[in-house]
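K.L.:
Before we start, here is the structure in question, set down as structure tokens.
The values are calculated or read from the model by the stated rules, or taken from the named source; none is laboratory data. From a predicted model like this one, the values you see are computed outputs, not experimental measurements. Neighbour counts run over all protein chains shown; Cβ positions are idealised from the backbone, glycine included. Side chains are part of the model used for accessible areas, which takes the heavy atoms of the whole protein and leaves out ligands, DNA and RNA. Shrake-Rupley method; radii C 1.70, N 1.55, O 1.52, S 1.80 Å.
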Amino acid sequence: MPQATALTANPQVSEIDWGLEALPLRFRIDGEGAVRIVRAGPVGAASHTEGPGLPLVEIQLSGSGRKWSGERSVETSAGARLLYRGHEADGDGTRPSLRIDLADPVTGLVVEAHYRAVPGVPVVRAWTTLRNEGAADLTVEAVTSLVLPGFGRSTGRERLARIDVHWAASDWLAEGRWQSRPLRELLPDLSRFAHEHGPRGCFARSSQGSWSSGRYLPTGALVHGGGHAWAWQIESSGGWRWEVGEHDADVYLALLGPHDREHQWRQVLRPGEEFTTVRAAVAVGVTAHGDDALTAALAALTRYRRAVRRPHRDHTVLPVIFNDYMNTLMGDPTTERLLPLVDAASRAGAEYFVIDAGWYDDDAEGWWDSVGEWRESAARFPGGLGEVCQAILAAGMTPGLWLEPEVVGVRSRVAEQLPSDAFFQRDGERVVEHGRYHLDLRHPAARAHLDAVVDRLVADYAVGYFKLDYNINPGPGTDTGTSRSPGAGLLGHQRAYTDWLSDVLDRHPGLTIENCASGGMRADYALLAQAQLQSTSDQQDPLRYPPIAASAPAAIAPEQAAVWAYPQPGSTDEEIAFTVAGALLGRVHLSGHLDRMTPHQHALVAEGIAVYKRLRADIPASTPLWPLGLPGWEDHWLCLGLRGADRTYLLVWRRGGAGEQVLPVPHLAGSRTSPRVLYPTHRPTGLGWNADQGSLRLSLAEETPGACLLVFERDS
């Protein structure tokens, strides 16, 4: 790791060089003490070219306006600046880190800009800590976690013409719809107009309410035509924003958590108090070794996600999960309905059996607005829930249960048992969303209630898996707490919630937790650093699921991306194989009425699960690729690949169009390898491998839908 440059006592210009070889950063301190980041990225990348640079942190204070560190602003009180007062670099090689300290002599605000590297991965993780060392309260309305410059400097006047921006729209049942546009189409060319402040616009994406991925994924990428790409993620369940814009004839990227204008977030810092932003990370990718730059950058983010999450056995073992909900019991479980499914799931190869929503429903008026106690229904389970859980254990599987821990129905007894301060409030009234109150996990009574629920269910029923759902979006948050800001209340709750998850796993280390929010509406690495799995969708249509499943590894490590496979007894062999195959490069969430299938149909499902068990050890060490590009929502052909050290897997779906498709696999060009079909094997699949070009001509049956899983292995 490059060492920090020593600073002289009164430098005219001093520099700090820090980072790993694949992603070095350069910071410059001028003679007055203003600090700027002037370079980011590997040698040869566009961002490696030095320019005027950008301040490390952008902060907006109530009453002071916008404040760039080291820069006077017409909106800021005269003389107020954030100036260098020291730095510390840790070069022990395990987690190289850098902290740069800044201070504003006018307000007493002290800023710590933190940067951390992951050895072997071209990525930088960053966050900002603010501390009030002044005599008066300060109210922060926005603060960046990471700002990087230089993405377009080397391209001169046409610096934006060769840059594309990639982002993913998301919605219930339509998650992860990646798209791209040339940045110059999104940011108009204003270069011929002279103005001292330059362009004011930017291209931005942000979250809304408490669903962190309900509108867009907290990820994105910039791809430079010269063969470099930068991909990023913001690790926040409590609001986030990223923006790309122009500054000082350069292209910048800014990543931040919640802020006032979009999330009603304000943080009051009383003298002596501090606040730390959400984490954000940027990875760089270079076109090389058969990978395009975007694929390389997303592969680096995948390796980073594995490095920062909580270690857990589930990430390497990847057990097969059967869940009774999707296109099966749909929230209406009973002992009578479950026992045949338990037997059929076990014979198919499932290792967890999850009883989904409805197991607590003992209310003639419906359960939606009465949940909160999480006790079994006597009518649904006349012999007790333990009878079914014992049957699951006897069948060689681990019992799992669905919970929606953060909500309490307005008709639940828990709503009266807990104090009002244990719930989200605004203007002194409890927030009600779709017949539910929202717990505030900052309150000890709310946390104690959920601890008692989890501990009881684990002890009484040997539960080893919880699917934790989240089906409401209560808006900006709760205005209780010292800041009296809904956005600050939401961020505080979300941080308390992830802390609660960590504590649950500390007490029950064998427990596996799935993160769900109406499918994939809260898919972020604030949560996925703790939870083992992420539901990718509630999509019930098997023909609509492929673009969701294929794009998921761009934002979620493949071994954490849970994909439904819900074959049905009324389906054809091709339809059964289509839905089973679609889950085989992620985490299998098996469902469907397996108990009603013919022996032939059940064997086709079991064949797919057996294939998965043979390959799953490769998934946690592989990185994703997309031979046909990131999938479009209406694409006829889609392809997701996983690239490992010895094997490359391709999962291909055909939903229409021609019966033949060419799949480029350039990293295998010239290698001694050949493809073979792993699943399904009941019908012929045409394979034409061109080793010199690294391309595969694939033919599937004329009828649709069709899917297959292929593997390329090194020839011995």
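K.L.:
State to the nearest 20 debye the size of the charge dipole of the range 580-716 about its Cα centre, where the only charges are +1 on K and R beta carbons and -1 on D and E beta carbons.
P.N.:
That gives the range 580-716 a dipole magnitude of about 340 debye.
K.L.:
Another question, then. If I compute solvent accessible area with a 1.4 Å probe over the protein chains, what percent of it on the chain is carbon and sulfur?
P.N.:
Ligands and nucleic acids excluded, carbon and sulfur reach 48 percent.
K.L.:
Hey, with R₀ at 30 Å, roughly what FRET efficiency would Thr681 and Ala645 work out to, going by the Cβ-Cβ distance, to 0.05?
P.N.:
Calculated value: 0.70.
K.L.:
Let me ask something else about it. Quick one: check the C-alpha center-to-center distance for the range 612-665 versus the range 335-357, whole angstrom.
P.N.:
Measuring centre to centre over Cα atoms gives 29 Å.
K.L.:
Hey, another quick one. Under the 0.36 nm per residue contour assumption, what length would be gained going from the current alpha-carbon distance of Arg714 and Thr334 to full extension?
P.N.:
131.9 nm
K.L.:
Using the heavy atoms of the protein chains alone and a 1.4 angstrom probe, what is the accessible area of the range 233-361 per residue in square angstrom?
P.N.:
Ligands and nucleic acids excluded, the figure is 30 Å² per residue.
K.L.:
I've got another one for you. By its C-alpha gyration tensor, with a ≥ b ≥ c as the square roots of the eigenvalues, how is the range 364-477 shaped: rounded for a/c under 1.5, else prolate for a/b larger than b/c, else oblate?
P.N.:
prolate
K.L.:
In debye to the nearest 20, how big a dipole does the chain give about its Cα centre with +1 on each Lys and Arg Cβ and -1 on each Asp and Glu Cβ?
P.N.:
1580
K.L.:
Among 530-537, 118-125, how do they line up from the highest to the lowest mean number of other beta-carbon atoms within 10 Å?
P.N.:
530-537, 118-125
K.L.:
Please work out whether the range 492-626 counts as rounded, prolate or oblate from its C-alpha gyration tensor, where a ≥ b ≥ c are the square roots of the eigenvalues and a/c under 1.5 means rounded, while otherwise a/b larger than b/c means prolate and anything else oblate?
P.N.:
prolate
K.L.:
When the helices in the chain are scored as -39500 (n - 2.57) per DSSP H run of 4 or longer and the sum is shared across all residues, what 222 nm value do you end up with, to the nearest 500 deg cm²/dmol?
P.N.:
-5500 deg cm²/dmol
K.L.:
Indicate the gyration tensor shape class of the range 268-358 (rounded, prolate or oblate), computed on the Cα atoms with a ≥ b ≥ c the square roots of the eigenvalues: a/c under 1.5 is rounded; otherwise a/b larger than b/c is prolate and the rest oblate.
P.N.:
Taking the square roots of the gyration eigenvalues as a ≥ b ≥ c, the range 268-358 is oblate.
K.L.:
Once phi is turned into ³J(HN,Hα) by the Karplus curve 6.51 cos²θ - 1.76 cosθ + 1.60 with θ = phi - 60°, what whole-Hz value does each residue of the range 336-350 show in order, with x for glycine and proline?
P.N.:
4, 7, 7, 4, x, 5, 4, 5, 5, 5, 4, 5, 7, x, 5
K.L.:
For the chain, give me the percentage of DSSP beta bridges that are antiparallel, rounded to the nearest 5 percent.
P.N.:
Roughly 85 percent of the DSSP beta bridges within the chain come out antiparallel.
K.L.:
Now a separate question. Please give the Cα centre distance for the range 520-577 versus the range 360-392, rounded to the nearest Å.
P.N.:
For the range 520-577 versus the range 360-392, the Cα centre distance is 27 Å.
K.L.:
List the trypsin sites (Lys or Arg not before Pro) within the range 475-517 that fall in a DSSP loop (any state other than H, G, I, E or B) and whose Cβ has at most 15 other Cβ atoms within 10 Å.
P.N.:
Arg484
K.L.:
Kindly report, to the nearest 10 Å², the accessible surface of Glu133 as traced by a 1.4 Å probe over protein heavy atoms only.
P.N.:
The value for Glu133 is about 100 Å².
K.L.:
Loop only per DSSP, at most 14 neighbouring Cβ atoms within 10 Å: give me the trypsin sites (Lys or Arg not before Pro) in the range 250-330, ordered by residue number.
P.N.:
Arg313
K.L.:
Give me P(r) over the range 432-498, computed from all C-alpha to C-alpha distances, binned every 5 Å, as integer percentages.
P.N.:
4, 15, 21, 24, 18, 10, 6, 3, 0
K.L.:
Using protein chains only and a probe of 1.4 angstrom, how many square angstrom of Glu274 are accessible, to the nearest 10?
P.N.:
110
K.L.:
Moving on to the next point. Could you tell me which GluC sites (Glu not before Pro) in the range 652-713 are loop residues by DSSP with no more than 13 other beta carbons within 10 angstrom of their beta carbon?
P.N.:
Counting only loop positions with at most 13 other Cβ atoms within 10 Å, the GluC sites (Glu not before Pro) in the range 652-713 are Glu702, Glu703.
K.L.:
With r as the distance between the Cβ atoms of Glu50 and Asp451 and R0 = 45 Å, compute the FRET efficiency 1/(1 + (r/R0)^6) and round to 0.05.
P.N.:
Efficiency, rounded to the nearest 0.05: 0.30.
K.L.:
Additional query: With every protein chain present, what is the per residue accessible area of the range 548-628 (1.4 Å probe, Å²)?
P.N.:
On a per-residue basis, 25 Å².
K.L.:
Among bridges DSSP assigns within the range 519-642, what percent are antiparallel (round to 5)?
P.N.:
25
K.L.:
Applying 1/(1 + (r/R0)^6) with R0 = 35 Å to the Cβ-Cβ distance of Asn327 and Thr482, what FRET efficiency is obtained, to the nearest 0.05?
P.N.:
For R0 = 35 Å, the calculated efficiency reads 0.15.
K.L.:
Under 5 Å between amide H atoms, partner at least 5 residues away or on a different chain: which partners does Phe423 have, H built in plane at 1.01 Å?
P.N.:
Residues meeting the amide H criterion: Asp440.
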